[in-house]
Each structure stands twice: as structure tokens, then as C-alpha cells.
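One structure is given below, encoded as C-alpha cells.
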Amino acid sequence: MTFSELRTALADVVAIPVTPYRDGAVDVAAFKLLLRRLVDNGVTTITPNGNTSEFYALTAQERHQLIEASAQAVGPEAFLLLGVGHDVESAIGDVRAGAAVGIRMAMIHQPSHPHVSAAGWVEYHARIASATPDTAFVLYIRNEWVTAAMLVELADRCPNVIGIKYAVPDPTQFARIRDLAGADRFVWIAGLAEPYALSYAAHGATGFTSGLVNVNPQLSLSLRDALRSGDYRLAGNLLSRISRFEELRAEDRSANNVSVVKEALSQLGLCERTIRPPSHELEEGIRAEIAGILADWSTVNDLFPADIRTETAVRA
């Protein structure tokens, strides 16, 4: 598998799966079913241990459980982009655990340290990427102070850095940094999911991340196809259809970003709604609104394939 093939895989819907729990522990069986549902619906790039996976609430042992489960669930049918982070050695350990089960790509979460310098930011990512040169890396950029010069310096040191997941809510800033850092040097991914996919695609993004895809895979893939064909009117119509769901996720500084996705999956019978602090389960009023959204979506897309329904019934 070449870096060129991996770059192509990133220019797509990059799904971020949730981490389901049962009795307080990671529900590995449910997690595998959710990944199979994505793959069986045509999703080909998946990020276990991403933010929608509650990365920062997982222990090292749980992260490694999910790494192994991801590889087992998707096999060669999809590309895995493993989320890693925390301290340098923990990140390298997770990358190596992924490599041991055949995962060739990793996304480095933004450093969570309260004091980050430009030189330190470059060094942090360089140490992780240089420790595993056969792994392709994507950088998760959530801060507008990360400059094109920092990206270029890092890529010069580590040619295996091939992608940028840009999650700053400013399309103009995205366009500027993409041009300065090199439009063709990296694969540019809209890191704020469907709501920014259209505006970022207009400025050169070729992929976008998604948590919604866990719930309605076909809607996200339809948006991808509309953007690829340049049918921005259709893209706008699709975005209108998902707008309230994404608004619920974004309210209160994205406090319910994961809770909304888990609630929808719970209503579909695919996993429990349980979520770990500092996130929290939703109130009844929002649950009812999500039920209405799912009912509307189900008039177009089959959200609950028969094979998943059968597996869920057996497990229950």
C-alpha cells in the first residue's frame, strides 16, 4: 500500500465512529457492528479513537482494544486512520499498536498542553511521525495560529506527513493556509464535518470528516458525490436536510457533539446512549427532536439494515 493510495483514501468521507459502552466498559461487539455498518454502506475511510470516539476519555488499554477491534471489523475493505495523541511516547505506542495490526495511517490530535510554542508544536509532531516513517500521518489543526510555515517545516522533516484535517471555522483562513503551505503537498480535509464541507470544498478541500455518517451513511456519501461533481445546489439541499442535527451537536461550544450522535444510534437500537464525563447524556426534549429528525431521514434512507437489526436483537 503506497502513500499515493493512502492520499486517495483521505480524499473522501472520513468517518469518526463513536465508542459504545455497556455497563461502563467499552462494548467491543457493538463497536464492530457499527464499523461493519459503515463499511457495508460504502464508507471506506474510518478514524477509530477520534474526537467523536471520546478519545480523551479512553484509557490506554481501551484505545488498544479499539485498535484491534477496528482492524478485525473492517479487514482489507476499508482504510483506517488511527487517532493518536497525549504525550509523545503514548502517541508513538498507539501508532505502533496500529501498525502491528496493519493500520498504515494515523491522525495526530492537537496537543492538549496549555503552553504550546510554534517550535514545540513542530517538534511534538515531528517526534511522533519520525518514529514510524512507514506510517502516513494527518495533522489535526484546530488552532488558527498554526501557520503554513510550521506545516512546511514539519513536512520537510517528515515526508510521511501527507494530510491536514483543518478544523478552524474560517474558510478564508483555510484557503490562505492551503495556498501558502502547498495545495498539492497535502491532502486537505474539511475537519468540521458536513456543515463546512461545501465552503471548504469551494476552496480546495477534497475530503471531509463526519460523525453524522454513523447515523445516516448514505446522506454523507451523497454530499460527497455532490461535491465531487460540483453540484453545489444539490450539496446545499443536502446540508439543509442535516442542518438541525448538526446545530444540536454544535450548541454550547459543541457540548453535545457526541451525545447527539449516540442518542440517534441508541434510538436506532445500535448502541447505548451512555457517554463519559465531561460530556453528558441529552435531556428528554432534545431526544424527542432527534426522533423527529430520524423519522424524516428514514423517508429517504434505510437507517436500520436488516442484518444489523438481527444482530442487535440477538445481543439484547
Electrostatic dipole magnitude of region 3-229 [Cβ: Lys, Arg +1; Asp, Glu -1; Cα centre; debye, to 20]: 240
Residues of region 98-119 with amide N under 19 Å of the 7 Å Cα→Cβ point at R142: 106-118
Pairwise Cα inverse-distance average, inverted: Kirkwood Rh of region 1-139 (Å): 15.2
F79 long-range amide H proximity, modeled H, under 5 Å: T45, I46
Sorted by Cβ neighbour density within 10 Å, fewest at the top, the residues H115, H125: H115, H125
Under 5 Å, built H, 5+ apart or other chain: amide partners of L192: T209
In degrees, nearest ten, helix 118-131 long axis to first principal axis of the chain (Cα): 80
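Give the calculated FRET efficiency between A295 and D40 to the nearest 0.05, with a Förster radius of 25 Å applied to their Cβ-Cβ distance.
Working: r = 23 Å, r/R0 = 0.91.
The calculated FRET efficiency here is 0.65.
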Simple spin-label estimate for D170 and V152 in nanometres, 7 Å along Cα-Cβ: 1.9
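If you take the beta carbon distance between E284 and A99 as r and set R0 to 41 Å, what does 1/(1 + (r/R0)^6) give as a FRET efficiency, to the nearest 0.05?
In this case the efficiency is close to 0.40.
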Acute angle (nearest 10 degrees) that the helix 60-74 long axis makes with the longest principal axis of the chain, alpha-carbon atoms: 70
Reduced Cα scattering model of the chain, Debye log10 I(q)/I(0), q = 0.09, 0.10, 0.14 Å⁻¹: -0.42, -0.52, -1.07
Whole-angstrom Cα spans of region 191-259 along principal axes, big to small: 33, 22, 17
Helix 171-181 vs. the chain, principal-axis angle (Cα, 0 to 90°, nearest 10): 40
Neighbour-count ranking [beta-carbon atoms within 10 angstrom, fewest first] of E62, E123, E263: E123, E62, E263
Whole-Hz couplings from phi, Karplus 6.51/-1.76/1.60, listed for region 264-270; x for Gly and Pro: 4, 5, 5, 5, 7, x, 9
Contour minus Cα-Cα distance for T274 and S229 (0.36 nm per residue): 12.3 nm
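Here, each number is a calculation from the coordinates, and none is a lab measurement. All of these numbers come straight from a predicted model, not from anything done at the bench. Reconstructed Cβ throughout: ideal geometry from the backbone, glycine too, with neighbour counts over all protein chains shown.
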